[in-house]
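Notes for the one structure printed next.
The values are calculated or read from the model by the stated rules, or taken from the named source; none is laboratory data. Keep in mind it's a predicted model, so treat the numbers as computed, not measured. Please note: Cβ atoms are built from the backbone with ideal geometry, for glycine as well, and neighbour counts cover all protein chains shown.
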Amino acid sequence: MSKDMLKPGQMVQIAPGHKSGFGGRQGKVVAVSMLDDGHNKVLGALVDINSPLQVIIEPESLEEWRPEAQESEWIEFYI
């Protein structure tokens, strides 16, 4: 994903096989910020993956995720 497309509250999926070990997981972007690791500055997104921790992932390793498109076994209707 492009860094310009990321925004807080957006649902994303981490690329499969990501080096963090959380590849394929879905979550919500909490914040997008520049991070200083002591050697250089990198752009990262803080992602809540519905576990006790949140992970920081680079934008290139994220893709937009739409939960309603993934759950085809359920049908929603109003009575």
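Which pairs do you get when a residue that is surrounded by fewer than 10 Cβ atoms within 10 Å (Cβ to Cβ), found in region 6-21, comes within reach of a residue that is of a type outside the set (A, V, I, L, M) and not in a loop (DSSP other than H, G, I, E, B), reach meaning Cβ atoms under 6 angstrom, with the pair 6+ apart or on two chains?
Pairs found: none.
Here are the criteria: (1) surrounded by 10 or more Cβ atoms within 10 Å (Cβ to Cβ); (2) among the aliphatic types (A, V, I, L, M); (3) at pLDDT 80 or above. Tell me which single one MET34 does not satisfy.
Result: MET34 passes all but (1).
Mind listing just one residue for me: the one in region 37-72 that is over 15 Å from the mean Cα position of the chain (by Cα) and within 20 Å of MET11 (Cα to Cα) and, of those, modelled with the highest pLDDT? Talk me through it step by step, then tell me what you get.
Looking only at region 37-72, we keep the residues that are over 15 Å from the mean Cα position of the chain (by Cα), and these are 37-42, 52, 68-72.
Applying the additional criterion that residues be within 20 Å of MET11 (Cα to Cα) yields 52, 68-72.
Details: PRO52: 86, GLU68: 68, ALA69: 54, GLN70: 53, GLU71: 54, SER72: 57.
That would be PRO52.
Among residues belonging to region 22-31 that are small (Gly, Ala, Ser) and either surrounded by 11 or more Cβ atoms within 10 Å (Cβ to Cβ) or touching a helix residue (DSSP H, G or I) at 6+ places or on another chain (Cβ under 7 Å) (or both), point out the one that is farthest from TRP65 (Cα to Cα).
To start, the set of residues in region 22-31 that are small (Gly, Ala, Ser) comprises 23-24, 27, 31.
Then keep just the ones that are either surrounded by 11 or more Cβ atoms within 10 Å (Cβ to Cβ) or touching a helix residue (DSSP H, G or I) at 6+ places or on another chain (Cβ under 7 Å) (or both); that gives 23, 27, 31.
On the way: GLY23: 13, GLY27: 8, ALA31: 17 Å.
Among them, the one singled out is ALA31.
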